[in-house]
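Heads up: the structure comes next, in C-alpha cells.
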Amino acid sequence: MEVTIIKIGNSKGLRLSKTILEKYNIQNKVELILEDDQIILKPIDEPRKGWDKAFEKMHQEGDGKPLMDSVFEDETFEEWN
C-alpha cells in the first residue's frame, strides 16, 4: 500500500485511514520499530502488558526490594490522632 507523507507543522507524517485504524485497533499510540531497513508500526494493545510476569520474576529473584528507605520509618504519626 502506498501512502503520501504529509506536512504537519515543522515535521512530516503519514495519515492512516479509519479502516486501518479500526482493523488494527490503533487508538492514540503505536510502537515504532526500526528493523532491517524497515519502519514497522505496531499497535499498543495493552498498557503494562506483561508486567505481572516481570514482577513475579523479580520477586522470585529477590529483586523487588525498594531502592530507597521508607520516608516514614522514623515517624510516629501521633499528630494524626
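Which members of the range 28-57 meet the condition of being at pLDDT 90 or above and either of a type in the set (Asp, Glu) or touching a Lys or Arg at 6+ places or on another chain (Cβ under 7 Å) (or both)?
Selection gives Val30, Glu31, Ile33, Glu35, Asp36, Asp37, Asp52, Glu56.
Considering only residues of the range 1-37 that are more than 22 Å from Pro47 (Cα to Cα) and of a type in the set (Val, Ile, Thr), which is surrounded by the fewest Cβ atoms within 10 Å (Cβ to Cβ)?
Thr4
The values are calculated or read from the model by the stated rules, or taken from the named source; none is laboratory data. These numbers come from a predicted model, not from an experiment. Cβ atoms come from the backbone with ideal geometry, glycine included; neighbour counts cover every protein chain shown.
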